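A short write-up of the structure that comes next.
Values in this text are rule-based calculations from the coordinates and carry no lab data. From a predicted model like this one, the values you see are computed outputs, not experimental measurements. Cβ coordinates were reconstructed from backbone atoms using ideal geometry, including for glycine residues, and neighbour counts include every protein chain displayed.
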Amino acid sequence: MAVANVLLVDDEVPFVETMTKRLTKRDLNIVSAFEGQEAIERLEKGRDIEVVILDVKMPGMDGVEVLREIKRRHPLVEVIMLTGYATVESAIEGMKLGAFDYLMKPCDMEQLISKVREAAARKRQQENKIIEARMKEITGRRA
């Protein structure tokens, strides 16, 4: 499988630094952000980002607000919500808004890697379907 391009968003700097090292060792390209607005700006600049690992509880824009904005601007980008404070309500809301999955901190590294790879594969599959549909549209008009 191709290397996944991941945006890691969490307001806890030591967590981001540790996770970046651990995920990079597992052949993922990691870009980090420490708050919601920064995450949205990074997505605008980094059009190749496929998966966002997003903390739910952050000052300013919380994870649910960031998720809502990501899905509005970049509907194919997959988002995995991470939280140390899981509530059924935030999990349900995140899933309704289109989160790929919802994991508790501290999460099992292999489970997270697996979810990231699944999410990246789903994004690529959706992009390929769109390209195929456009190609059929283009070639259909010429026939």
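Tabulated data for the structure shown
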| read-out | value |
| --- | --- |
| Whole-angstrom Cα spans of segment 93-143 along principal axes, big to small | 56, 25, 6 |
| Estimated [θ] at 222 nm from DSSP helical runs (n ≥ 4, -39500 (n - 2.57)) normalised by residues in the chain, nearest 500 | -17500 deg cm²/dmol |
| Difference of contour (0.36 nm per residue) and Cα-Cα distance, Val88 to Thr18 | 22.5 nm |
| Extension gain (nm, one decimal) between Glu127 and Ile113, 0.36 nm per residue minus Cα-Cα | 2.9 nm |
| Assigned charges on the beta-carbon of Lys, Arg, Asp, Glu; segment 1-115 dipole about Cα centre (debye) | 280 |
| Label-point separation in nm, Asp48 to Arg68, each point 7 Å along Cα→Cβ | 3.2 |
| Calculated FRET efficiency for the pair Leu97/Arg134, C-beta based, R₀ 25 Å, to 0.05 | 0.40 |
| Kirkwood hydrodynamic radius of segment 5-142, Cα pairs, Å | 15.4 |
| Contact order relative to length of segment 29-95, as percent, for alpha carbon pairs under 8 angstrom and 6 or more apart | 33 |
| Extension gain, Val3 back to Glu41 (0.36 nm per residue minus Cα-Cα distance, nm) | 11.5 nm |
